[in-house]
Structure formats: structure tokens, C-alpha cells
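Every read-out reported here was derived from the displayed coordinates using simple, explicitly stated rules and does not represent laboratory data. Owing to the predicted nature of the structure, the values given are computational and were not obtained by experimental measurement. Every residue, glycine as well, gets a Cβ built from its backbone with ideal geometry; the counts of neighbours run over all protein chains shown.
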Amino acid sequence: MKLTKVEFLLSAAKPVHYPAPDRPEVAFAGRSNVGKSSLLNALLNRRNIARVSRTPGRTQLINFFDINGTLYLVDLPGYGYAKVPVAVQRQWGPMMERYVRSRETLAAMVVLLDVRRDPNADDLQLLNALNAMEIAAIVVLTKCDKLSGSQSNTRRKEIANVLGCRAADLIAFSSQTRQGRGELWRAIADCLPSDPAPSEELPIVEEAVVEEPPSELDDHE
Ligand SMILES: Nc1nc2c(ncn2[C@@H]2O[C@H](COP(=O)(O)OP(=O)(O)O)[C@@H](O)[C@H]2O)c(=O)[nH]1
Ligand SMILES: [Mg+2]
């Protein structure tokens, strides 16, 4: 995807503050400190459009970014940061559910996992919830530069085993080397609704599909 415009739009605490759902959007979620802000900066070619935080898990706001005027990328609050008060941590699930349920335009959620760690209960709960709500999950393994290529491949298989998916379904990513950036953009683009074909063309497509099989009589002509 060619980036012609990348702008921070707004931070929202509740659905009434969200922008009108007038275009597809893709959200980003992961444990605090997993590298979400860094990934967004790498993805958007910006040094610090998504603030790389030294105090992870503080903000419980949802940040919307306007991409090319045609797509929203949505930065969800990180979860599972021990220093965040339990009462605030408990708000994450309901906040997520409110967000997902109010966004019919949500095309996919990018779920970030640290390549060096096994997915924990929070990660699995999120992936299960997306599955139950029939929202496409794009799983990205972050900080791959911290491992060698072969270590990273091994971890990829191990994490795929835990998730019950194929290793090839997991995108190996690094904000430092920008490994996986193109692959992630392609995965995002694949989840976006494509423009419907012009209606005039539909009858032609149908004709091609309902073509009759040759009858046996024809064979003996
Ligand atoms: N080596 C390496 N460090 C990373 C990478 N991504 C993030 N980090 C570091 O991990 C820490 C947390 O990153 P941040 O993007 O703030 O995570 P967030 O809390 O998920 O937004 C920071 O110290 C980053 O510099 C990466 O791809 N490679
Ligand atoms: Mg962050």
C-alpha cells in the first residue's frame, strides 16, 4: 500500500468519541511492551507517530490514525501490565468488546506476540474472542531481531503449535530491521473489502459460471 497520508486523528475513551465508521479499519492489540508502538511507527514510516512509551499500559485510550483518507488504523491499549491498577486492567476486556461490537467496519485485528515468549492466557483469550466474533486475526511475532534466523523459525513453530495454526500464518516482524513490514501490509490489504465489480459486469460473470456441461448426446453427434 502506497502511503500518501498518515495522520493521527483522535484518541477516544468511549464509542461516542470514535470517528464515523465510513471506511474499513484495522486494529492493533497486544500485551504492554510487546512493541506495538514501534511496529506502528515502522509500518507508517514515522519516527514517533505512535508514542513509544516508557511507562507501558498507562493509557486506556483508543487512538485512530487516518491512512490515505481511506483506512483507519486503530491502536488499542496494551493489556497485562502488572503496574496498572487491577481496576483499570479489568476494564480492558469490556473496552475491547465495546470497541469491536460498535465497529462494523473492523476488517481485521493485528495481534502482536513477542517472538521470545509463549502466548499467555490474555493473548489466548483475545484470539479466542476474535475467533468467536468472526473477526480476522493477523498474528505478528515482534522483536525477531533479538533472535537468530533459525531461533526465530523454531519459536515460530512453537508458537504456531500453541495457537493451533500453521507457522506460515505467523508474520515474523522487527521494527529495527523492518523485517515483515511488506508482509504485514499485504496481510492487511488482503483483509480489506475490495471494490465490488461494476453491476453491468455481473451478468457476464454469471453466464460463465452457469455454462452447461456437454451432454452425452453431444458426444455421439
Ligand atoms: N530489539 C527490538 N526492540 C524493540 C522492537 N520493538 C520494540 N522494541 C522495544 O521494546 C520496548 C517496548 O516497545 P513499545 O513499542 O513501546 O511497546 P508497546 O508498549 O507495545 O507500545 C521498547 O524499549 C522498544 O524499543 C523490535 O522490533 N526490536
Ligand atoms: Mg505503546
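Going by a ≥ b ≥ c, the root eigenvalues of the Cα gyration tensor, does segment 1-146 fall in the rounded group (a/c under 1.5), the prolate group (a/b larger than b/c) or the oblate group? Judged from the Cα gyration tensor, segment 1-146 comes out rounded (a/c under 1.5). For I138, the residues whose amide H sits under 5 Å from its own are M109, V110, V111, ignoring neighbours fewer than 5 places away on the same chain, with H placed 1.01 Å from N.
When only alpha carbons are used to place a centre, segment 108-137 and segment 146-193 end up 13 Å from one another. Take 70-82, 118-130 and order them by the average number of nearby Cβ atoms within 10 Å per residue, most first; the result is 70-82, 118-130.
Evaluated over segment 6-196, the count of Lys pairs having alpha-carbon atoms less than 24 Å apart is 9 (only pairs 8 or more residues apart or interchain). Using θ = phi - 60° in the Karplus curve 6.51 cos²θ - 1.76 cosθ + 1.60, the 3J(HN,Hα) couplings for segment 63-75 round to 9, 9, 10, 8, 10, 6, x, 10, 8, 9, 9, 10, 8 Hz; x is entered for Gly and Pro. Of the GluC sites (Glu not before Pro) in segment 96-147, the ones in a loop by DSSP (not H, G, I, E or B) with at most 14 other beta carbons within 10 Å are E104, E134.
If contacts are Cα pairs under 8 angstrom and at least 6 residues apart, what is the relative contact order of segment 6-196 in percent? Each step should come with its number before you reach the end.
Numbers: 297 pairs, mean separation 44.3, N = 191.
Averaging sequence separation for qualifying contacts and normalising by length gives 23 percent for segment 6-196.
Take the alpha carbon gyration tensor of segment 75-118, find the square roots of its eigenvalues, order them as a ≥ b ≥ c, and report rounded if a/c is under 1.5; if not, report prolate when a/b exceeds b/c, else oblate. Write down the numbers at each step before the final one.
Details: a/c = 3.36, a/b = 1.20, b/c = 2.79.
Oblate.
Where in segment 23-50 does the label zone of L3 land, with the point 7 angstrom along Cα→C-beta and an amide N cut-off under 19 Å? Residues 24-29, 35-50 fall inside that zone. Amide H to amide H distances under 5 Å link L10 with F64, where only residues 5 or more positions off or on other chains count and H is placed in the peptide plane.
For C165 and R98, FRET efficiency with R0 = 22 Å and r from the beta-carbon atoms, rounded to 0.05? That pair, R98 with C165, gives E of 0.20.
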